[in-house]
Amino acid sequence: MSTTVTPRRRGRRRQQTLERVLGTPALFATAYGNVGSSIYYALWLVAGIALGLTPLVFLISGFIFAATAATYAEGTVRYPEAGGSSSFARHAFNELVSFGAAWAQMLNYIITIAISAFFVPHYLSIFWGPLRSNPWDIVGGAIVVVFLVLLNIVGLREAARLNIVLAILDFGTQLLLVAVGFALIFDHNVVFDANLHWGVAPTWGQFFLAIPIAMIAYTGIETVSNLAEEARDPPRDIPRSITWVAGAVFAIYFTLPLIALSALPVEKTANGYRTLLGVGPDQGGFQNDPVLGLVEHLGLHGQVLQASKIYVGILAATILLIATNAGVIGASRITYAMATHRQLPEVFRRLHPKLKTPWLSLVFFAGLLSILVLLPGKTDFLGNMYAFGAMLSFTIAHVSIIALRVRTRDNPEAFKVRPSIRFRGVDWPLFAIFGAFGTGAAWIVVVVQKPGARWAGLGWLVIGLIGYVVYRRVGLREPLTATLRAPVIIGPAVALEYRNILVPVKPGRASEEAIDLACRLAADRGASIAALSVVVVPLDLPLDTRLEAEEGAADEALDVAAAIAELYGVRFTERIVRARHAGRAIVDEAKRRQSEIIVMGAPRGGRGRGVFSDTVDFVLKHAPSRVMVVAGRRAA
């Protein structure tokens, strides 16, 4: 089922929660706020290994990231649900492969939380020097993790507009650093000649190792996938936002290292070659705050230099704080999704009785495990572990998209990203094939060259797999590969509990009455509402045909529904779906969202027809959940 491309209305009333702002610009800003944050630590991780070849390493990893972005764009539009590579693997293969991808993702989130939190105090060291090194950076990082976990348990919502502003400010600042650097200090003789020692500094083994390590620069690509359920127009918004992120990140990660290696070039010492970007603060280096090191050697002086350091330090700490929080949210979402599909025990999806948040998953995965990997204070080990988990997760995503192309070869309306090549009736995705080769080879490099990451990563996978097998075989007595869904949690004193309410809407009083009733149910029970507007495309037209009048009516109906939901202050998402049959689209959406109830308005059918419309009749017969029909005066 595809979704519609719909314009946003200027007069739209909006509450600024995460669910209500996810068009293309907001998805881009949200994702870049996570992906772009990694420059504040990835620069030293890569430069410390690749030295003068750092720009080339980022260029190669950028091409791999572009292929990965295309894979996530196609998979997320096909299955707009939280889970990313885990969701793709479930639809392409089975639940066992899906668990492997999800468990690797969980490792990524834990490492992202730890390394982002660890660098927050480094950039705040402009105010207090001891924060730049052990043990105070470890203490500060642990405090950041505890603080954000507690905030998420309490249920404090993100200020989505603030995140967008900060992400744009961050991107603008990085562009400004590049522009100033090219104007003041860039030296092509240093970057393209003096810094280069092919096969020596780095060695070829170090060069190939630096490529998967550089992928930590693209931390956060899963963000768009995990927010797919809250995007209004996935076929338009998700590919565009991922393309924008890939382009922006590629531009920054190729140009900023050129400036950094002009400011802090490779130098020969008694112990070999080095750049101060990869040297610890005890030796006068900037591995704990590489971007501040760049600012300090940018050719600025006096008050301008001091003001620039304070500005960049505060901005970097804020962006890293947001990235840490995104990791906390991501860990809780993937945990909840895994428990929902019976990959983890039911206890991890239970909500706090008063706060209605997944407190146990937040405390255990986002809190306890993140702090445990943070305590040694070894960021190079964290980088290796992220490369292990990310390369494995990305490889599964690529292979899943290839398998889905084969399985859906006879479906001309399946969403596909170019470029592809058609062979034996299958449109083979060239980006996924290239991406699978790149990420798979990078994963092998990490496993072969880094014993610490090899044994810790494989141990993580083995522990997870043993737990999964025991839970499935002993606890549930179900096959390992079967896709299962946990039952809806219903309180002992509540006859009906609705956490996820689906409301089909279209212009008219009947839909307004339905959304009003759904809002009252949601307000009473702390539920969320998903409003769905179906644009029916005639069979003689392609599914992606623009139908201006119908799309305008659908957008208007969602505007009205959103305004009513805003008055009640309930959680609200909206979606437009293109389909051949409205009733079938509603039923499919209810299944995908696992909605506990569908609330529908019921305009009376014409003479000679039933009491309700054909769409309502179809949903009543085929719905996977309860259906509540709001009958207006005419229907009554």
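The values are calculated or read from the model by the stated rules, or taken from the named source; none is laboratory data. Every value quoted in this text rests on a predicted model; they were computed, and no experiment measured them. Quick reminder, even Gly has a Cβ in these numbers, built from the backbone with ideal geometry, and neighbours come from all protein chains shown. When the accessible area is computed, the model is the full protein with side chains, heavy atoms only, and any ligands, DNA or RNA have been set aside. Shrake-Rupley method; radii C 1.70, N 1.55, O 1.52, S 1.80 Å.
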* **For Val165: the one exception among (1) over 30 Å from Arg578 (Cβ atoms); (2) surrounded by 20 or more Cβ atoms within 10 Å (Cβ to Cβ); (3) modelled with pLDDT under 85; (4) β-branched (Val, Ile, Thr)** => (2)
* Filter pass, Ile153 being open to solvent by less than 10 Å² (accessible area, probe 1.4 Å) and either at pLDDT 95 or above or within 30 Å of Leu355 (Cα to Cα) (or both) -> no
* How many residues are more than 23 Å from Tyr311 (Cβ to Cβ) and open to solvent by less than 50 Å² (accessible area, probe 1.4 Å) if we restrict to region 270-283? -> 5
* **Arg520 being surrounded by fewer than 18 Cβ atoms within 10 Å (Cβ to Cβ) and assigned to a helix (DSSP H, G or I)** => yes
* **Every pair of residues 6+ apart whose Cβ atoms lie under 9 Å, when the first sits in region 408-431 and is more than 14 Å from Arg78 (Cα to Cα) while the second is open to solvent by 70 Å² or more (accessible area, probe 1.4 Å) and of a type in the set (Phe, Trp, Tyr)** => Ser420/Trp428; Ile421/Trp428; Arg422/Trp428
* Asked: If you scan region 597-614, which residues turn out to be farther than 23 Å from Val537 by Cβ and modelled with pLDDT of 85 or more?
  -> Ile597, Val599
* To do: Might you let me know whether region 127-144 holds any residue that is touching a helix residue (DSSP H, G or I) at 6+ places or on another chain (Cβ under 7 Å), at pLDDT below 95 and not in a helix (DSSP H, G or I)?
  => yes
* Asked: Does Ala553 fit the bill of being in a helix (DSSP H, G or I), at pLDDT 85 or above and over 28 Å from the mean Cα position of the chain (by Cα)?
  -> yes
* **Near pairs, Cβ below 8 angstrom, 6+ apart or cross-chain, from region 174-198 (closer than 18 Å to Leu51 by Cβ) to any residue that is open to solvent by 60 Å² or more (accessible area, probe 1.4 Å) and among the aromatic types (Phe, Trp, Tyr)** => His197/Tyr273
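Among Arg422, Arg342, Arg409, Arg405, which is the only one that is of a type outside the set (Gly, Ala, Ser) and assigned to a helix (DSSP H, G or I)?
Of the residues listed, the single one that is of a type outside the set (Gly, Ala, Ser) and assigned to a helix (DSSP H, G or I) is Arg405.
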* Restricting region 51-73 to residues that are open to solvent by less than 10 Å² (accessible area, probe 1.4 Å) and within 17 Å of the chain's Cα centre (by Cα), which is farthest from Ala414 (Cα to Cα)? -> Phe65
* To do: Search region 318-358 for residues being open to solvent by less than 10 Å² (accessible area, probe 1.4 Å) and aliphatic (A, V, I, L, M), and hand back the single one that is nearest to Gly100 (Cα to Cα).
  => Met338
* Within the set of pairs 6+ apart or on separate chains, which have a first residue in region 344-364 that is closer than 20 Å to Arg485 by Cα and at pLDDT below 90, a second that is open to solvent by 50 Å² or more (accessible area, probe 1.4 Å) and β-branched (Val, Ile, Thr), and C-beta atoms under 8 Å apart? -> Arg349/Ile489; Arg350/Ile489; Leu351/Ile489; Thr357/Val154; Leu360/Val347
* Pull up region 553-595, narrow it to residues that are touching a strand residue (DSSP E or B) at 6+ places or on another chain (Cβ under 7 Å), of a type in the set (Gly, Ala, Ser) and closer than 29 Å to Ala414 by Cα, then point me to the one that is surrounded by the fewest Cβ atoms within 10 Å (Cβ to Cβ). => Ala579
* Condition test on Pro487, is it part of a loop (DSSP other than H, G, I, E, B) and either modelled with pLDDT under 90 or open to solvent by 70 Å² or more (accessible area, probe 1.4 Å) (or both)? -> yes
* Exactly one condition in (1) modelled with pLDDT of 90 or more; (2) surrounded by fewer than 24 Cβ atoms within 10 Å (Cβ to Cβ); (3) within 30 Å of Ile421 (Cα to Cα) is not met by Ile371; state its number. => (3)
* Those residues that are open to solvent by less than 10 Å² (accessible area, probe 1.4 Å) and more than 24 Å from Ala114 (Cα to Cα), I need them from region 293-317; list them, please. => Val295, Leu298
* Structure fact -> If you go through Ile216, Ile238, the only one that is over 18 Å from Phe28 (Cβ atoms) and at pLDDT below 85 is Ile216
* Do you know which residues across region 375-421 are over 21 Å from the mean Cα position of the chain (by Cα), of a type in the set (Lys, Arg) and modelled with pLDDT under 90? -> Lys378, Arg409, Arg418
* Asked: When the residues of region 399-436 are filtered to those that are among the small types (Gly, Ala, Ser) and farther than 27 Å from Ser61 by Cα, which remaining residue is surrounded by the most Cβ atoms within 10 Å (Cβ to Cβ)?
  -> Ala414
* With respect to Ser393, is the statement that it is closer than 30 Å to Leu484 by Cβ, among the polar types (S, T, N, Q), open to solvent by less than 50 Å² (accessible area, probe 1.4 Å) and touching a residue at least 12 places away in the same chain (Cβ under 8 Å) true? -> yes
* To do: Residue by residue through region 74-105, note down the ones that are open to solvent by less than 10 Å² (accessible area, probe 1.4 Å) and among the polar types (S, T, N, Q).
  => Thr76, Ser85, Ser86, Ser87, Ser98, Gln105
* Asked: How do the pairs read when you match residues in region 123-150 that are under 17 Å from Lys309 (Cβ atoms) and in contact (Cβ under 8 Å) with a residue 12 or more places away in the chain with residues anywhere that are open to solvent by 50 Å² or more (accessible area, probe 1.4 Å) and β-branched (Val, Ile, Thr), using Cβ under 6 Å and keeping only pairs 6 or more apart or on different chains?
  -> Ile126/Ile310
* Of all residues in region 615-636, which are touching a helix residue (DSSP H, G or I) at 6+ places or on another chain (Cβ under 7 Å) and either modelled with pLDDT under 85 or aromatic (Phe, Trp, Tyr) (or both)? -> Phe618, Val630, Gly632
